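Beneath this line is the structure, given in structure tokens, with notes to follow.
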Amino acid sequence: MGSATEGSVTKWLERWRDGDPAALDRLLPLVYADLRRIAASVLRSTPGHATLQTTALVHEMLLRLLGRAPAEYASTTHLLNASARMMRQILVDRARNASRTKRGGEWRRADFAEVAELQIPDGTDLIMLDQALTELEAMDARMAKVVELRYFIGLEVPEVATMLDVAERTAQRDWIAAHEWLRQRLADT
Amino acid sequence: MSEYSLTVLRVVRDALDVEPHERAQFITARCGGDAALQARVEAMLRNLADADDAQPGAVDTLIGGRLGPFRVAERIGKGGTGVVYRGVREGADFAQTVAIKLIRRGFDFDDVQARFLRERRILARLNHPNLARLIDGGVAPDGRPWFALEFVDGDAITRWCDAQRLDVRQRVRLFLDVCAAVQYAHGQLVVHRDLKPGNVLVGGDGVVRLLDFGIARLLEGSGDDAAAPLTVAGSVYALTPEYAAPEQFTQAATGVAADVYSLAVILYELITGTLPYALDSHDLAAAQRTVCQTPAESPTQAIARSEDGRPDTATRLAARRSSAAAYRSTVRGDLARILDKALAKEPERRYASVQAFADDLSRWLAGAPVRATGTSMGYRLGKFVRRHRLSTTLAVLALASLVTGIAAVLWQARIAQQEAQSAIVMKDFVVELLRQSDMRDEEDRISVGELLHSGGARLRVLPPGSPLRLEMLRVLLHLHLDLNAQEDGIALAQAELGSEPNWDLARTANGLDVLTTYAHLLDGLGRSAERDRFLAHLVPAANASTDKDSLAWADSATYLGVMSDDAGNLATGLPLLEQAVAAMRKLLPANDPRRQNSQVLLAGALTSVRQGERARELTEATLAAGDDAFPRERAYVQNMAALRRALFGEFESAETLFASTRDLLDRYPDRRLLGYYAATHASNAFDLGDLAHAHAMIERGFDRAAALDPQNISDTLYLLRGELAMVEGHCAAAAGDYARAVQANTEGGAAPGIDAVYAQILRGVALHCAGDAQAARDDWQQANAWLSGASEPMGHAPAMLTGAQAMLSADADALDAAFAQADAQLAQARSRPISVHWQLRENRDEARLKLWHAQALLAAGRTDQARDCALKALPGARARLGERHFFVVALQGIAEEPQLDSAQPLQGER
């Protein structure tokens, strides 16, 4: 990462402060990991917190930044579900635009993997991943949700289990099966 | 195609819910004769099983079988893609044990295989006494290639050194053998790339053996490996985060420099028993950030660090046959610099070769000058700024969102209770964010400053008098305080609240905190009259509050307590601080910086009212609960704990804390603490009784103070330099330094307080010693006049004045009575509240008055009485100050050999 990343954060930040709403969209993946880390250190001093709340706090902030009023989310679960969906949307849109326009300096997955600490395997084609996830959703929505929560907001399996209110063992089986299927599915095409 | 694969997935997923022994049957039933489907389901399940490696009861078919000439005895290890067995060759008259390495079943992909064969080839070309020898190789019945290495029955080098209790120098010597082996490999154009203690074993014969060239790479130009480039994009090779060089995380080309780095981490661990930085090896991204950004702790600091799963400091010191002091003197300086250079984040700043690294270590062993030069403060500071720019930017972002986003949203007044709650969480978030990145970098400060300013402007669009506006004001005032922007903060508070605020605001905890912060800002600019007017209103309000369980109240009470103490009102201040700490204990964990801060401030107040024991327990407990995540707070707590130790005469253990504080401040410069630290450390160095060290610390104190503000050097440093000059018998020089201390305290026409009077008295004695009787008397008269005209409490200055008078007057008959009076005055002073710094001086002066007494008796020719006086004083002085204190040593000298060997008032150096 280093200076290139910092440079682009500053650049997008300045643009955003100058009133370019689209800049926030660019900022998002770049600041995500740091927000999460800082939120964790802040919440450490709040008694009785859980990791889920850390993630929720960050996402609440992101939603605010994006101008989507968080009041419509009734619970942490709801908020994180929506966030995972939104991150997926943003990242896939980004990948689509990048492949269409081929402009220089586009956001690359490599940046993302480094900065956002998400668990999407290296070299994944996000557009294909999106398609595969959509197929998976049609067959088994929970398995798709497990992948979405792990990939796009970086939750661990036990956290996913808490969120979906299933046994950890169940979430783990969902995860290993879906993960292997995605691996094959993306390698096939 | 994909529908089909979804069917496969469905069956696989369902099969996972079935007990393993019933799975085969289940799958057959579900596939209903579709052989292709069944085959794919089974294949996928096998992949899963491999992936989580959980096949309890699976039989390892290799064990008991043969590979080449070896019988496979047992599995002894498993790595990322490899697995290692112990093999035995039984010959007619000998048995040879080898380590047989294979690719793990299920991992025999092409690239893994290529890498494996490469390792075998690399090993084949290496032949060195410190490298495990390649013995044989072949292909297993299932097609997997294998090779056999000399079996090293040894311990990891770190464990071996601990078990043998090698001292630091012996460890360095042994480490040079490791360097020799790595240097040899480099000479063969092989970089190891995975050096770690587990790969550096020491056998029963005490010989070092280097293992595992599994991810080694051949250096450019060696020719025969073009077929299998290892660093192909996307294939992250195995990596041990604890020992990997920064550049290894980024997959940039790694060379000799990476091995230098890993070797340095091993050496660091050999020396300190811990890693250069605390690291979460399970989170690769976090580990990468740590390795790339966190500077290594100095070895002095590292030995004091306690970590789960590692022996405590005492055990580690014992394993090195060392004491804290001996360890410190061994590792600091050149050895620390060598490590620093080898651990540089940028490869080009490291030693260019392992040989150069080893050469410098040899020079160190021989006591010769080393080549490594220290990392300059400027470089460190630069690094720090660069590292933190991102988080500062983030702070700006977060604050902007707070002020624009939340304020705007909440102002819509369509807010659920939950919303208001989360706004508070967000605010704490932002406050903490800014606290963590409270950079003093000009560039960033401006942008944060601007933001604070625009925050104030935005505040005015909120409904006047609304709780929200007050809440936002509170955030902004705290931020101004934290960012040392007192003037702007006061301007904002004045604009919002007026110079004479509505004191009813103090009825809520938030309002109370706003007004307290306002007062705190005034206090910061030395506007104490206004501060006191605020206190008169706020202290009663705080005491009457019904919201004492809130953090806002605890914050206010802390600072109201401290400010009351500063205003001389200890009876009010102390109970507030006690309650603040009690509230924080309920609300915050022990490592929280806010709680730590309040505890240490309470300890300060307790010390002042002579409850030193309790204060000491409190600072020690605070220190023990401290967290490396908040280095500045830690430095502050350490400094305070060090002073409390010194108060009990434990100057050695205080010194350890001061040294560690210095290391922290070097890495996290904090102007607010730096000057204070410099003066207090110098004072402790004096009390330690080591002349050279005291000189060094006092001079470094001057350097630091001058770097902060050359116009404003602490009077304490001048005073200490005077004290040290006296110890060495340089009376005239001492008088000069004491005079500067007086001057520093009377500048600007300030009424001379205790600081000026105290230094003035000592100056008189120094002049007397230098033989200028008249000047000495004039000085004393001046001190006497100041003292009698004083409006503030003068601590134990009267005792010193009495003692000095006796010294100067040389009225032999009055000596005993005069010093008895001085002792009584000192004892009286000791019952009154005063800061820890004056209490430290009281301790020192208790012995000094005895010393003066004995010296005066000597000067009057009463040798026997002088000896008696010294002998009687010694036990008490030793108990208070220890054996090595200059004053104790001087008393000892008179007790042993009572003679006046010059006009010097004291002769500390032996």
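The values are calculated or read from the model by the stated rules, or taken from the named source; none is laboratory data. All figures in this text were calculated on a predicted structure; none of them were measured in a lab. So basically every Cβ, Gly included, is an ideal-geometry build from the backbone, and we count neighbours across all protein chains shown. The accessibility values were calculated without ligands, DNA or RNA, using every heavy atom of the protein model including side chains. Shrake-Rupley method; radii C 1.70, N 1.55, O 1.52, S 1.80 Å.
If you take the Cα centroid of region B:513-568 and the Cα centroid of region B:117-141, the two points sit 73 Å apart.
For B:MET800, the accessible surface of its heavy atoms amounts to roughly 0 Å² (probe 1.4 Å, protein chains only, rounded to the nearest 10). Distance from the Cα centre of region A:141-158 to that of region B:265-342, in angstrom? First find each Cα centre; the distance between them is then 38 Å.
Listed peptides B:16-26, B:725-735, B:116-126, B:756-766 appear in the order B:756-766, B:725-735, B:116-126, B:16-26 once ranked by packing, highest mean of other Cβ atoms within 10 Å at the front.
Using θ = phi - 60° in the Karplus curve 6.51 cos²θ - 1.76 cosθ + 1.60, the 3J(HN,Hα) couplings for region B:308-324 round to 4, x, 10, x, 6, 4, 4, 5, 5, 5, 5, 5, 10, 6, 9, 10, 4 Hz; x is entered for Gly and Pro. The charge dipole of region B:499-569, taken about the Cα centre with unit charges on the Cβ atoms of Lys, Arg (+1) and Asp, Glu (-1), comes to about 80 debye, rounded to the nearest 20.
With the simple spin-label model, which puts each label point 7 Å out from Cα in the Cβ direction, the B:ASP816 to B:SER306 separation comes to 5.2 nm. Expressed as a whole percent, the accessible area of region B:2-52 that falls on carbon and sulfur atoms is 52 (1.4 Å probe). Our note on the geometry: Cα centres of region B:156-194 and region B:591-623, 45 Å apart.
With the whole protein complex present, B:SER809 retains an accessible surface near 70 Å², based on a 1.4 Å probe.
Would you work out if region B:132-188 is rounded, prolate or oblate? Take a ≥ b ≥ c from the square roots of the eigenvalues of the alpha-carbon gyration tensor; rounded if a/c is under 1.5, else prolate when a/b is larger than b/c, oblate otherwise.
oblate
Only the Cβ atoms of Lys and Arg (+1) and of Asp and Glu (-1) were treated as charged; on that basis the dipole of region B:830-878 about its Cα centre amounts to roughly 100 debye.
Going by accessible surface with a 1.4 Å probe and the largest first, B:THR546, B:THR572 read B:THR546, B:THR572. When the pairs B:LYS196/B:LYS345; B:LYS196/B:LYS341; B:LYS101/B:LYS341 are compared against a 27 Å limit on Cα-Cα distance, B:LYS101/B:LYS341 fall above it. Anisotropy class assigned to region B:281-359 is oblate, per the alpha carbon gyration tensor with a/c at or over the 1.5 cut-off and a/b no larger than b/c.
Using a 1.4 angstrom probe on heavy atoms only, work out the carbon and sulfur share of the accessible area of region B:658-771 in %. Don't jump to the answer; show the numbers that get you there.
Working: 1830 of 3770 Å².
After summing per-atom areas, the C and S share lands at 48 percent.
Per-residue surface analysis assigns B:GLU242 an accessible area of about 50 Å², computed on protein heavy atoms at 1.4 Å probe radius.
Averaged over peptide A:133-142, the number of partner chain Cβ atoms lying within 10 Å of each residue's Cβ comes to 2. With a 1.4 Å probe rolled over the protein heavy atoms of all chains, the accessible area of B:ARG634, B:ARG169 falls in the order B:ARG169, B:ARG634, largest first. Surface exposure of region B:478-555, expressed per residue as accessible area with a 1.4 Å probe, stands at 40 Å².
For the peptides B:842-855, B:147-160, the ranking by packing is B:842-855, B:147-160, with the highest mean count of neighbouring Cβ atoms within 10 Å listed first. On association of chains B and A, roughly 4300 Å² of accessible area becomes buried (total for both chains; probe 1.4 Å).
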